[in-house]
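J.: What follows is a single structure, and I will ask about it in a moment.
The values are calculated or read from the model by the stated rules, or taken from the named source; none is laboratory data. Keep in mind the model is a prediction, meaning the values are calculated, not measured. Methodologically, a virtual Cβ is constructed for each residue, glycine included, from the backbone with ideal geometry; neighbour enumeration extends over all protein chains shown. Ligands, DNA and RNA are stripped out before the accessible areas are found, and what is left, the full protein with its side chains, is counted by its heavy atoms. Shrake-Rupley method; radii C 1.70, N 1.55, O 1.52, S 1.80 Å.
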Amino acid sequence: MEENIILTKHINKINPMAIDDYIKVNGYEALKKVLKDDPLNIIKEIKESALRGRGGAAFNTGIKMESVYNEKETDKYVICNADEGEPGNFKDRYLMENNPHQLIEGIIIAGYAVGSTKAHIYIRGEYDKSKNILMHALKEAKERGFLGSNIIGSNFNYEIEIFSGMGSYVCGEETALIESIEGKVGRPRIKPPFPTVKGLFDKPTLLNNVETLSNIPYIVLNGGSKYASIGTESSKGTMLISLSGNVKRSGVFEVPFGTSIKYIIGVLGETTFEKIKMIQLGGPSGPIIPLEMVDLKIDIDAMRKSNLSIGSGAIIVIDNHFNMFEILRKNIRFFEHESCGKCTPCREGIRQIRYILSLFVNNLANQSDLAMLEELTHYISETSFCGLGQAATNSVASTLKYFRSEYEMRIKK
Amino acid sequence: MDIKKIIEEKGKKPENAIQILKEVQKINNYKYLSSPQIKIIADELGLSESKIVSLLSFYTLITEKYRGKYVIQICTNVSCYVNGSNNIVKEFEKELGIKMGETTSDGLFTLEYTSCIGCCNIAPAIRIGNKKFGELTPQKIQAIISKCRENL
Ligand SMILES: Cc1cc2nc3c(=O)[nH]c(=O)nc-3n(C[C@H](O)[C@H](O)[C@H](O)COP(=O)(O)O)c2cc1C
Ligand code: SF4
């Protein structure tokens, strides 16, 4: 599958601290190419690639770029979301630490395409090493004239600034992230207006995930149709998978869409299946599926039809000697801690869910607790203000569906 | 560095409050912000102290809570949990003679939980200052603690 590797192709072959290594493998050639071109042609290629955001929501990137392009304001921003707050995900860190220039080149091209002159990289406060590598890379890019004024002899100027997050998961949500850069408590804004229209400092803003932006140099150099030749009908290109948990070989793996979870765990993760009981997709905000579903393929729309999602690409494998309710309670505690408190269903409802799960952990639940749990998971996901609350109960809802007997077994008779 | 100088450098605007708080916290070795420091920042930026405190309580990486020289942050999210993070917690508590959330009486160590630090590939993992340690076993913990003590 060598030809299906895009983002990780040069990783471990180039030194992330040496810009010349990146330049040797065609680095910054995509930028040179676009600076002679009409921004609309770049957007056309991205649309043709059918690239979809890798931050979790899988929105079409070309369409988002076009909306920002169409805004008439003179000040526009690009924001790279490097908050990677969802436990179990570490692929953005992997990209930043191993190929920072690929990301930087992607950001500059995106900025040129939408007509912005400044970008912010919002990076998790816990990612000290990634931040240092990026700062070094930005310095090198500036010295070589890929950033700053009159980039490679053109009349295009661009600036990238790094903003450190301060330890808050909800700040990964795009509007909360913008509030946070503006120096406020990071609570989500009401949408619409979307950031593409009114984003940072109320200016049109293109906000994309690290992996999404890192794909751009390849698409520009090789063409959108080449990119779209990889993957499935609904999901083009490759996806980075963060594999962890009870596996023999954990790590980040790049796979074309359409790859099965079985292949990822068994072949890439070198893990046998006898002991596996649960597989959590995407992180705490994602569903937990049983081993019987391991043939499932990574495909955004096909998964959505079954109410499933892989979020930002985490796969967490859990052995049969762990108690499912203990795992669920961990997921829920995470959201309880990270809830920003703005709306009641999320702030109060998640706490109730945790309480009922504790009853199950201690074999004290009865039939009405089960009914209440079911109702609450539904209610919280339907009525919460932002994606945090809306997704917080996915793990519970999926186990109510796929591991129903575990609940019933624990009900007091 | 002097607080006022940090404020000048970052820009004396309320929207820079978070970045200023983070920088000032570095004066105390990344550990916490004292109440006199909070007062100066609030006055300089024209914000109320309660506004500053609301930022401190929302963002977990800035805090007004006193913490020891080495803040040991242990990840117990699912990937670390299924790789034995509970035993790591127990071992640290035993070795240091404190519970999670507490600081040793000599002011050297504080034990805390942390959200995922993106080290799931080397679970179970912890973070001390800006260093991360992974693939931990109870045996390795003794060595980590001694190393911190030596670096005094
Ligand atoms: C609670 C919450 C946390 C999020 N955290 C992240 C994150 O850490 N990184 C990220 O790229 N997107 C995150 N997102 C998704 C962003 O809101 C946004 O959709 C995404 O960054 C857009 O980029 P993309 O189109 O390239 O995916 C989060 C969403 C929610 C609701
Ligand atoms: S759903 Fe939760 S995190 Fe989102 S706005 Fe409501 S309280 Fe805040």
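J.: Counting residues in segment A:238-319 as N, plug N into 2.2 N^0.38 Å and put the Cα Rg over that result.
T.: It is 0.95.
J.: Within the protein assembly as shown, what whole-number % of the accessible surface is contributed by carbon and sulfur, with the 1.4 Å probe and all protein chains included in the calculation?
T.: Heavy-atom surface of the protein assembly as shown belonging to carbon and sulfur, 1.4 Å probe: 49 percent.
J.: Rg (Å, one decimal) plus Dmax (Å, integer) for the alpha carbons of segment A:2-228?
T.: Rg then Dmax for segment A:2-228, in Å: 16.1, 45.
J.: Run the quick spin-label model on residue A:337 and residue A:201: label points 7 Å from Cα toward the beta carbon, then report their separation in nm to one decimal.
T.: Computed distance between label sites residue A:337 and residue A:201 equals 3.5 nm.
J.: Could I ask something else about it? Helix check for chain B. Which DSSP H runs span at least 20 Å along their own axis by Cα, with a mean Kyte-Doolittle hydropathy no less than 0.0?
T.: none
J.: Moving on to the next point. Using the Kirkwood radius built from alpha carbon pairs, what does the Stokes-Einstein equation give as D for segment A:130-269 at 4 °C and 1.567 mPa s, in µm² per second?
T.: 70 µm²/s
J.: Could you give log10 I(q)/I(0) at q = 0.15, 0.19 Å⁻¹ for segment A:255-413, computed by the Debye formula over C-alpha point scatterers of equal weight, without solvent?
T.: Summing over Cα pairs of segment A:255-413 leads to -0.80, -1.19.
J.: Relative contact order for segment A:63-176: what percent, with Cα pairs under 8 Å and sequence separation of 6 or more?
T.: 32 percent
J.: How far, in degrees from 0 to 90, does helix A:39-49 lean away from the longest principal axis of the Cα atoms of chain A, to the nearest 10?
T.: 40 degrees
J.: Rounded to the nearest 500, what is chain A's calculated 222 nm mean residue ellipticity when only DSSP H runs of at least 4 contribute -39500 (n - 2.57) each, over all residues?
T.: Value at 222 nm, helices only: -11500 deg cm²/dmol.
J.: In addition: What is the interface area between chains B and A, defined as buried accessible area summed over both chains with a 1.4 Å probe, reported in Å² to the nearest 100?
T.: 3000 Å²
J.: Something else: Could you work out how much longer the chain between residue A:405 and residue A:248 gets when fully extended? Use 0.36 nm per residue separation minus the Cα distance between them, nm to one decimal.
T.: Full extension from residue A:405 to residue A:248 adds 53.6 nm.
J.: Let me ask something else. Going Cα to Cα from residue B:147, which lysines come in below 16 Å? Please leave out same-chain ones fewer than 8 positions away.
T.: Qualifying lysines at Cα under 16 Å: B:69, B:131, B:132.
J.: Per the Debye formula with a single identical scatterer at each Cα and no solvent contribution, what log10 I(q)/I(0) holds for the protein assembly as shown at q = 0.07, 0.08, 0.09 Å⁻¹?
T.: Evaluating at q = 0.07, 0.08, 0.09 Å⁻¹ gives log10 I(q)/I(0) of -0.41, -0.54, -0.69.
J.: Also, I was wondering about something else. At a Förster distance of 22 Å, what's the computed FRET efficiency of residue A:275 paired with residue B:139, Cβ-Cβ distance as r, to 0.05?
T.: With a Förster radius of 22 Å, E is 0.35.
J.: While we're here: Rounded to the nearest 10 Å², what accessible area does residue B:113 have for a 1.4 Å probe in the complete protein model?
T.: 130 Å²
J.: With N set to the residue count of segment B:22-114, report its C-alpha Rg divided by 2.2 N^0.38 Å to two decimal places.
T.: The value comes to 1.28.
J.: Moving on. List the lysines whose Cα lies under 24 Å from the Cα of residue A:32, skipping any in the same chain that are fewer than 8 positions away.
T.: Here the lysines satisfying the reach criterion relative to residue A:32 are A:9, A:13, A:24, A:44, A:47, A:64, A:76, A:118, A:139, A:142, A:226.
J.: Residues in segment A:285-308 near a label at residue A:374, defined as backbone nitrogen under 20 Å from the 7 Å Cα→Cβ point?
T.: Residues passing the 20 Å test: A:287-290, A:307-308.
J.: How big is the Rg/Rh ratio for segment A:324-412, C-alpha atoms only, Rh by Kirkwood, two decimals?
T.: Result: Rg/Rh = 0.95.
J.: Next question. So which residues in segment B:1-33 end up with at least 20 square angstrom less accessible surface once the other protein chains are there, compared with the chain by itself, probe 1.4 angstrom?
T.: Buried on complex formation: B:15, B:18, B:19, B:22.
J.: Next question, about the same structure. Any idea of the accessible area per residue across segment B:16-124, 1.4 Å probe, to the nearest Å²?
T.: 40 Å²
J.: Got a number for the accessible area of residue A:386? Probe 1.4 Å, square angstrom, nearest 10.
T.: For residue A:386, the solvent-accessible surface is approximately 20 Å².
J.: Further question: Just to verify a number: FRET efficiency for residue A:157 and residue B:131, C-beta to C-beta distance, R0 = 60 Å, to 0.05?
T.: My answer for the efficiency is 0.95.
J.: Also: How much accessible area per residue does chain A have, counting only protein heavy atoms and a probe of 1.4 Å, in square angstrom?
T.: Per residue, chain A has 39 Å² of solvent-accessible surface.
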